[in-house]
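Okay, so here's the structure we're looking at.
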Amino acid sequence: MADNKITTRAANYADWYQDIVNRAGLAENSDVRGCMVIKPNGYALWENMQRALDGLFKEHGHVNAYFPLLIPKSFFQKEEQMAEGFAKECAVVTHYRLRSVGGKIEVDPEAKLEEELIIRPTSETIIWHTYKNWIQSYRDLPLLINQWCNVMRWEMRTRLFLRTSEFLWQEGHTAHATQKEAEDEAMTILMHAYRKFAEEWMAMPVLTGPKSDGQKFPGAVYTLCIEAMMQDGKALQAGTSHFLGQNFAKAFDVTFQNEKGQREHAWATSWGVSTRLIGGLIMTHSDDNGLVTPPRLAPVHVVICPLGKNDAERAPSIAASEKLAAAIRALPRDDFFGYQPLNVKIDTDFQHMPATVSPSGNSAAFPYASRSAPRTSRSKPALSPAATSPARKARPWACRSKAPPRTSKNPARDSSEPLQSRQEIPRRQHEERRHLRPVQANDRRTGIHLGPLGRHPRDRGQDRRRDEGDDSVYSVRPAEGRGQVHGDREAVGGKGGVCEGVLIVK
């Protein structure tokens, strides 16, 4: 483990960031200079971000489309500021064929393109060339289009997720009949899509405002952005929204007939966020122990680790794990997670499984153990044994705090059934769950939660049920001094920090 130790933030912040990405299995450098391979854990984060952002865009009437990767060079020449701003970052396609000469592959000099093609650094030019055919009348406006794609910007110095030559993103391109409509659109995306996503899904506070003239998007009248403060005290530009005025409409002659029968140029916006958000998420929440992800974006919410020395011992443990996983997934779904089921993984990598120690040495008294994502170098307090009271026997995974639990007026909550169906859990109890404060994977104070793991940080402290000892079926909490569960962070769930919590079943 010494060779895999994560560099501390205080020692070297850049190396710490790289170590987090590597240890969590998010991405790696590819053999193509400046480009990255996004691994399954990293792409799962991007999928969750994409799903949430796409929903926010569609709430405001946007629809998705797709435009070509290759753009004729002449299109860039039509918008002078655009061409000048991206000239040094463009990758150019000059030939369309290879040939074999003496067993070696080379570019066929006879296959030179009549006009070079640019791999898109952004798509304003190709999109506004297309809009010319789509917009004829004010009745065609507003046109609210978004696309999810990759872009290429040739970078000299790259860092995974934060700055790479090729990256994934979304780019919105809208056309409007009036200047006010376009400016309102740019502000709506900034405040009600980007800022809302950053704060409510990523739990990453951001500042909003305009960029300076020297930093605005080439071809824009002005650029608005969200910026977040990272742990090294530097700001990260996390998203931009541009008011383009009529610049691109004039460059590509996109006009429409207004209500008075007059021809005028359309007003435009463009806006985008990219996989840089994953870098921002890492630097906002992670610590020297590894990656920490907010619950709404975590690829896995709970990992269940069945234990056993051999196949005979492991079989009943795996069966119990599958039953528990099904019960967790069947918990009432909450809008906090977009009404998606909790993502539960059963880890059967017995070669890298953490060990459990029961205070009495009797594994039967320690059927379920739970902890946050494991540490790299020190042990973690385990949960209290689950066999001292009828309620505890009925719900062995719902571990008690030291304070006595309150008696609920809700019969469903006091039921002896291990888990209740949606119909058996009253709506009030379902609503109460929504205000459990957020918890991180390495939270030393509260451990993990199996239900919705909290809402926006501003809701913290609104519900004090846990401090008063209430332990509904939705939570698992550690009790100090009752044994230990130990192992390295990489041993659970494949890699550290990509899950919110771990259950050990024995």
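Details
- Those residues of the range 193-245 which are closer than 14 Å to H285 by Cβ and of a type in the set (S, T, N, Q), in sequence order: Q231
Yes/no per residue for (1) assigned to a helix (DSSP H, G or I); (2) under 26 Å from Y43 (Cβ atoms); (3) among the aromatic types (F, W, Y):
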| site | (1), (2), (3) |
| --- | --- |
| E84 | yes, no, no |
| V92 | no, no, no |
| I118 | no, no, no |
| T122 | no, yes, no |
| K132 | yes, no, no |
| R157 | no, yes, no |
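- Looking only at the range 78-88, and only at residues there that are crowded, with 16+ Cβ neighbours inside 10 Å and closer than 15 Å to W128 by Cα, the one that is farthest from the chain's Cα centre (by Cα): K78
- Screening E84 on (1) free of Cβ contacts under 8 Å to residues at least 24 places away in the same chain; (2) farther than 30 Å from N289 by Cα shows it passes everything except condition (1).
- Hey, P142 touching a residue at least 24 places away in the same chain (Cβ under 8 Å) and touching a Lys or Arg at 6+ places or on another chain (Cβ under 9 Å) or not: no
- Meets criteria (modelled with pLDDT under 95, over 16 Å from P121 (Cα atoms) and either open to solvent by 30 Å² or more (accessible area, probe 1.4 Å) or in contact with a Phe, Trp or Tyr (Cβ under 6 Å, 6 or more places away or on another chain) (or both)) for R157: yes
- Check on A91, in contact (Cβ under 8 Å) with a residue 60 or more places away in the chain, closer than 19 Å to L70 by Cα, small (G, A, S) and open to solvent by less than 80 Å² (accessible area, probe 1.4 Å): yes
- Matching residues in the range 204-240 - criterion: being farther than 20 Å from Q77 by Cα, of a type in the set (G, A, S), over 20 Å from the mean Cα position of the chain (by Cα) and surrounded by 22 or more Cβ atoms within 10 Å (Cβ to Cβ): none
Let's see how each residue does on (1) open to solvent by less than 10 Å² (accessible area, probe 1.4 Å); (2) more than 22 Å from the chain's Cα centre (by Cα); (3) within 30 Å of Y13 (Cβ to Cβ); (4) not charged (D, E, K, R):
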position	(1), (2), (3), (4)
T269	yes, yes, no, yes
V273	yes, no, yes, yes
L277	yes, no, yes, yes
A312	no, yes, no, yes
A326	no, yes, no, yes
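- The set of residues in the range 49-77 that are open to solvent by 20 Å² or more (accessible area, probe 1.4 Å), within 23 Å of K112 (Cα to Cα) and outside any helix (DSSP H, G or I) comprises P68, L69, L70, P72.
- Every residue from the range 94-115 that is open to solvent by less than 100 Å² (accessible area, probe 1.4 Å), in contact with a strand residue (DSSP E or B) (Cβ under 7 Å, 6 or more places away or on another chain) and among the aliphatic types (A, V, I, L, M): V107, A111, L113
- Some residue of the range 126-137 being under 30 Å from E199 (Cβ atoms), modelled with pLDDT of 95 or more and either charged (D, E, K, R) or open to solvent by less than 60 Å² (accessible area, probe 1.4 Å) (or both): yes
- So F252, is it open to solvent by less than 50 Å² (accessible area, probe 1.4 Å), more than 30 Å from K39 (Cα to Cα), in contact with a Phe, Trp or Tyr (Cβ under 6 Å, 6 or more places away or on another chain) and aromatic (F, W, Y): yes
- Scanning the range 24-48 for residues that are assigned to a helix (DSSP H, G or I) and either closer than 24 Å to E199 by Cα or at pLDDT below 95 (or both) yields N41, G42, Y43, A44, L45, W46, E47, N48.
The values are calculated or read from the model by the stated rules, or taken from the named source; none is laboratory data. Not measured: the values here are computed from a predicted model. So basically every Cβ, Gly included, is an ideal-geometry build from the backbone, and we count neighbours across all protein chains shown. Keep in mind that these areas ignore ligands, DNA and RNA; they rest on the heavy atoms of the full protein, side chains included. Shrake-Rupley method; radii C 1.70, N 1.55, O 1.52, S 1.80 Å.
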